[in-house]
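Okay, structure first, notes after.
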Amino acid sequence: MFEGYAGTSDSGFRAEVEAEQSMQRGEHLLALTTDHQHDLSGPAAHEAAVRLADFHHRTGFTGSVVTDLARLRRVLARHDPEVYPGTYVTCVFNPDKALCRPRSAPGGRAGPVPHDCQPLECRNVALTADNTTTLATEADRIDHRLRGRPVLPPLLHTGLARRRDAIHAFLTANGTAQ
C-alpha cells in the first residue's frame, strides 16, 4: 500500500520517510561512537567495531558534537559505516553475505531489506546488549505461550518451539545467553 499510494506521489512523502529513517540511524550511530557503546557480539561484531571506530575517526567527533541535522546528513553521506541498528539485531551490511535480498537504494548503493531479515542465520548480524535482551525476551514469551492454556495446535506448537530453540542456540553460540 505504501508503495502504491505514497511511493508514487509527487508529494515526496516516501523521500521524507526515508530521510527521517536515515536521520534516526545517524543519531543512533553518533551515540554508539561518541558514547563508546561498541560492546557488540555476534558473527559481525568485529566488523561493526572496526567500521564504527573508522566512522568515529573520520568524522572527528572528538571534542565536538553534531547538533544540527544538516551536518549529520553530510557526515552520513560521506562516511556511512553501513551499520543499521534494529530491535532484534544490528545489521553490519555486507551485500555478499546478506540473506535479506538487498536492493538498490537511491544513489545506486545496495542496502538491507529489514522485513526480509533472517537474523538467526545471517552473517551480517551484530548484537548490542539491547538486541540480546530483546531476543531473550522473545524466547521467554514464546516459552510462556507454549506452556499456556489453551493448548496450541501441534503444528503451531512445533513451529514456536523450533523458534525458541533457535533463539537460545543463537544466543549461546554468540556468547550472549541470558
Do you know which of the residues in region 141-162 that are more than 25 Å from Glu121 (Cβ to Cβ) and outside any helix (DSSP H, G or I) is least open to solvent (accessible area, probe 1.4 Å)? Gly148
Flagged pairs (Cβ under 7 angstrom, 6 or more apart or on separate chains; first in region 117-128, open to solvent by 10 Å² or more (accessible area, probe 1.4 Å); second part of a loop (DSSP other than H, G, I, E, B) and at pLDDT 95 or above) are none
Does Thr137 satisfy the condition of being open to solvent by less than 70 Å² (accessible area, probe 1.4 Å), farther than 22 Å from Glu47 by Cβ and among the β-branched types (Val, Ile, Thr)? yes
State whether one or more residues within region 164-178 are open to solvent by less than 40 Å² (accessible area, probe 1.4 Å) and of a type in the set (Ser, Thr, Tyr). yes
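The values are calculated or read from the model by the stated rules, or taken from the named source; none is laboratory data. What you see is a predicted model, and the numbers here were worked out from it, not measured in a lab. Cβ coordinates were reconstructed from backbone atoms using ideal geometry, including for glycine residues, and neighbour counts include every protein chain displayed. What goes into the accessible areas is simple: the full protein's heavy atoms, side chains included, and nothing from ligands, DNA or RNA. Shrake-Rupley method; radii C 1.70, N 1.55, O 1.52, S 1.80 Å.
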